[in-house]
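Nothing in this text is a laboratory measurement; each read-out follows from the coordinates by a stated rule. None of these values were measured; they are calculated from a predicted model. All Cβ positions, even for glycine, are placed from backbone atoms using ideal geometry, and neighbour counts span all protein chains on display.
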Amino acid sequence: MDLFFLAGILNDVIQNNPLGISSIEYLSICVLTAFVSRRIILQNLIYDWVFFLISILIVGSINYIIIVYIFNIPIVYNSLLLGLLATFIIYPLLAKILSWIDNILLESIYDKKNQ
């Protein structure tokens, strides 16, 4: 969780957002994803992907409301939609790569224990 917070602070500095906005967004997505993944009995990439879309839309909307109505910062809608779309499209690819890496690490740990 600490890495999500630090990544959010770094993102805020790079994109010139008020500090903490991206951190709250990343931590909210992490909490929502953890909550739903514990409730779903059947683990499936499609279910995760659809829920991830719903969660980034909800959290992105809250982020939009905070930035526009509290900080009065204008939003570039094309950039916002492109970022959400890219995140949604890249998710399955990253999920497969991280799952593959996790399987390799688990196999190496299992092999070390059985020697």
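If I fit a long axis through the Cα atoms of helix 2-15 and take the longest principal axis of the Cα atoms of the chain, what angle between them do I get, 0 to 90°, rounded to 10?
The angle comes out near 40 degrees.
How big is the dipole moment of the chain about its Cα centre under a simple scheme where the beta carbon of each Lys and Arg is +1, that of each Asp and Glu is -1, and everything else is neutral? Debye, nearest 20, please.
Roughly 200 debye, rounded to the nearest 20.
Specify the inter-centroid distance of region 90-115 and region 7-60, based on alpha-carbon positions, in whole Å.
Comparing the Cα centres of region 90-115 and region 7-60, I get a distance of 23 Å.
Scan (i) 127; (ii) 145; (iii) 105 for the value of volume of the Cα convex hull per residue in Å³ calculated from this model and give just the label.
(i)
Treating the angle as unsigned and between 0 and 90°, give the value, to the nearest 10°, between the Cα long axis of helix 77-113 and the longest Cα principal axis of the chain.
With rounding to tens, the tilt is 20 degrees.
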